Amino acid sequence: MKVSKALLICGKNIYEKTEIIRNIVKNVESEGIEVGIWNGVEPEPTLESVEEGIEYASDVKFDALVAVGGGSSIDTAKLINLYTTYPTESVLDYIPQPVGKGKPIPGVLKPLIAIPTTSGSGSETTPTAVFTVAESGLKFGLTHEYLLPTLAVVDPINTITMPQQTTASTGLDALMHAIEAYTSKPYNVRPKPIRSDLRPVYVGSNPVSDNIAERSIELIGKYLKRAYHNGQDLEARFGMSLASYMAGIALGNAGTHISHAISLVLGGITDASHGVCAAITAPALLEVLIEVVPEKLAKIAGMLGYDDEPSIKKRAARSVEAIKDLLSGFEFPNGLYDLGIKESDIPSIAEKTLLMRRLLNQSPVDASKKLIERILMRSLKLW
């Protein structure tokens with residue numbers, strides 16, 4: 001890449017508590033490349049922390065970025081890359097309307113090398129960056145092909161430092177990426193945009209992403225609990241790294257929909273991790289989809305080990321039970337009540353979710369406020 005100086009983006013925990021950053025810097029500097037470090041990434045990054053990173057990077061000369069960590073580090077690096085290459089008055093300028101101004105990204109960005117240390121976000125494979133705007137209590141995402149990392153270095157060894165709960169929450173995020181991509185509105189039933197530049201990045205479920213999503217779900221069903229109970233199980237870590245990467249490819253092509261749209265709202269009003277916010281509505285979402293894509297839900301049940309029903313409809317219903325059983329195997333909240341969400345909060349959450357059209361447009365069913373409220377109601381208590 002002919003890089004003379006790289007800016008490494010990471011969080012404080014991985015910088016201070018592991019050898020990963022020092023090993024990377026040592027290897028890069030041995031090639032005669034200078035490395036600068038900004039370790040201010042927040043878990044579930046806020047607009048303020050992203051702006052701090054942009055401000056820091058604006059005063060530093062660099063040819064490429066290296067993002068090390070989970071989705072928070074990689075997403076932050078994507079935004080730092082964008083706003084230092086094409087500065088604007090506000091970070092919201094490139095965010096789609098009605099939230100931001102929807103300004104087009106002028107051109108390509110600097111090379112970005114993504115090195116994930118979790119197995120969940122799949123951000124190393126996607127053109128999406130997500131952050132929280134505290135004043136609105138919402139998470140917003142920006143998706144554009146120019147945000148896609150230039151190179152991903154996926155090494156399961158880098159994931160063994162993950163705490164147990166992070167292993168669970170990131171693994172569940174990957175699972176929801178795969179399930180939602182697998183069940184998203186098919187590529188061949190989507191309306192044609194009036195202009196080619198309005199064509200969405202996400203193309204909907206298709207034969208290629210479906211196969212990738214299926215394999216990802218199968219791997220997660222096999223390895224997530226193993227990685228959770230024994231972080232040193234390298235076979236399980238390898239399986240989860242592969243599953244996360246594949247789920248990211250499925251997500252980056254087909255897109256996610258209702259559960260992830262809701263998760264962006266939940267993430268802005270609770271302290272729960274993104275993976276928990278995405279998975280907590282999974283059983284209720286699958287209940288809705290039983291009548292819509294029963295064949296796919298039957299396959300999900302089978303891939304998670306629940307293939308003991310003869311009829312497709314009954315196996316599809318078993319997918320709900322499979323997800324609940326998986327969630328209950330971790331220290332997972334028993335529904336939205338455990339996140340501090342009350343029944344009276346549901347109309348407001350549903351209203352805010354409707355702003356996430358970037359994701360809801362991928363839903364295989366009409367994502368109305370009434371349907372979102374139904375999913376939220378069914379998610380107040382899981383078992």
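The values are calculated or read from the model by the stated rules, or taken from the named source; none is laboratory data. On a predicted model such as this, the values are computed, not experimentally measured, just so you know. Cβ placement follows ideal geometry from the backbone for every residue including glycine, while neighbour counts extend to all protein chains displayed.
Numbers below:
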quantity: Any hit, the range 199-206, residues being out of contact with any Cys (no Cβ under 6 Å at 6 or more places or on another chain), in a helix (DSSP H, G or I) and not basic (Lys, Arg); calculated: no
quantity: Top-ranked residue in the range 115-138 [being within 10 Å of the chain's Cα centre (by Cα) and not in a helix (DSSP H, G or I); ranked as surrounded by the most Cβ atoms within 10 Å (Cβ to Cβ)]; calculated: Gly120
quantity: Checking Gly267 against (1) of a type outside the set (Asp, Glu); (2) within 18 Å of the chain's Cα centre (by Cα); (3) at pLDDT 95 or above, the condition it does not meet; calculated: (3)
quantity: Residues (crowded, with 24+ Cβ neighbours inside 10 Å and either among the small types (Gly, Ala, Ser) or not assigned by TED's automatic domain parsing to the domain that holds Val320 (or both)) located in the range 271-283; calculated: Gly275, Ala278, Ala279, Ala282
quantity: Any hit, the range 354-369, residues being surrounded by fewer than 22 Cβ atoms within 10 Å (Cβ to Cβ), in a helix (DSSP H, G or I) and more than 20 Å from the chain's Cα centre (by Cα); calculated: yes
quantity: Search result, residues across the range 316-343 that are without any contact (Cβ under 8 Å) to a residue 12 or more places away in the chain and not in a helix (DSSP H, G or I); calculated: Lys342
quantity: Filter pass, Pro156 being within 23 Å of Ile179 (Cβ to Cβ) and more than 18 Å from the chain's Cα centre (by Cα); calculated: yes
quantity: Of all residues in the range 315-343 being surrounded by fewer than 19 Cβ atoms within 10 Å (Cβ to Cβ) and among the hydroxyl-bearing types (Ser, Thr, Tyr), the one that is modelled with the lowest pLDDT; calculated: Ser328
quantity: Condition met for Tyr182 (buried (at least 22 other Cβ atoms within 10 Å of the Cβ), in a loop (DSSP other than H, G, I, E, B) and in contact (Cβ under 8 Å) with a residue 40 or more places away in the chain); calculated: no
quantity: Helices (runs of 4 or more DSSP H) fully within the range 1-92 counting 2 or more residues that are among the hydroxyl-bearing types (Ser, Thr, Tyr) and within 29 Å of Val276 (Cβ to Cβ); calculated: 71-85
quantity: The range 63-109, residues that are acidic (Asp, Glu) and crowded, with 24+ Cβ neighbours inside 10 Å; calculated: Asp75
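Yes/no per residue for (1) part of a strand (DSSP E or B); (2) more than 17 Å from Leu266 (Cα to Cα); (3) not small (Gly, Ala, Ser):
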position: Phe140; (1), (2), (3): yes, no, yes
position: Pro149; (1), (2), (3): no, yes, yes
position: Thr166; (1), (2), (3): no, yes, yes
position: Ser169; (1), (2), (3): no, no, no
position: Ala178; (1), (2), (3): no, yes, no
